[in-house]
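None of the figures in this text is laboratory data; all of them are computed from the coordinates on show. Note that the structure is predicted; figures quoted are calculated from it, not measured. Every residue, glycine among them, receives a Cβ derived from its backbone with ideal geometry; neighbour counts consider all protein chains shown.
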Amino acid sequence: MGFLSFGLKKGKVQKMLEEGQFEVLIEEALKDKKVREALFELLSSNNPGVIGDALLTITNLLERDSKLLKEYLKEENFKKLLALVESKNPYVRENAMVLAYSVIKAYPELMKKYRSWIVEEVARSLREGDKNQKGFVLVIIGELGLKELEPDVKSLVGVEDKVILPFEGKKWVKLGDIASETLEKLS
């Protein structure tokens, strides 16, 4: 019998996250569907630390075996993930950004399937989000080639506000510079 038996509950996975048993949890999640299900359920936790840890663990699973997670990226879970990008908690927000970006890179077919509401959500974030959220969705716009948002991107080219994104080369970068990079990708 494995370390985590068939009767695994969300509480056991949460306890492992809280105790920092990430490697053991990842190994079990690679083998056990119930562990993966529990990780996605924990994205609705009231504890930001647990949410952030679950996001980080899911990202690590995606890096190890992207095929295992595709079934969990239904529209509802992907919308939940995009909503977590707007979290006020930086640990949750940054881990949600990293996972969302990884999902976009790993599953281009899902992005095509969800394109219409992704465009709506991204456009809303460009209008209503803080500078870091705007910086993140600019990266997404470029990655997905959302040309229909080009006018919105152009409006941010001159913005001097500096953003911090959880990606290499994207810390303390002017929002306008990210907008310019995005326009290059769109052309």
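Points worth noting:
- Kyte-Doolittle mean at least 0.5 and Cα axial length at least 18 Å: DSSP H helices in the chain: 48-64, 131-144
- Set Lys10/Lys131; Lys10/Lys170; Lys34/Lys171; Lys34/Lys134; Lys113/Lys185 screened for pairs whose C-alpha atoms are more than 30 Å apart: Lys10/Lys131; Lys10/Lys170; Lys34/Lys171; Lys34/Lys134
- In this simple spin-label model, placing a label point 7 Å from the Cα along the Cα-to-Cβ direction at both Lys31 and Glu148 gives a separation of 4.6 nm.
- Principal axis dimensions, the chain - Cα atoms, whole angstrom, descending: 58, 30, 25
- Close amide H partners of Ile164, meaning residues 5 or more places away or on another chain with modelled amide H under 5 Å apart, are Trp172.
- Counted residue by residue at 0.36 nm each, then reduced by the alpha carbon distance between them, the extension gain from Glu128 to Glu23 reaches 34.1 nm.
- Spin-label model distance (nm) - Asp161 vs Asp65, 7 Å beyond Cα toward Cβ: 4.2 nm
- Förster radius 41 Å - calculated FRET efficiency between Tyr91 and Ser187 (Cβ-Cβ, nearest 0.05): 0.70
- Viscosity 0.890 mPa s, 25 °C: Kirkwood-radius Stokes-Einstein D of region 124-187 over Cα pairs, µm²/s: 219 µm²/s
- Directionally averaged shadow of region 15-100, computed from the convex hull of its alpha-carbon atoms, nm²: 4.9 nm²
- Scanning the chain for GluC sites (Glu not before Pro) in DSSP loops with at most 10 neighbouring Cβ atoms within 10 Å leaves 20-159 as the longest stretch between them.
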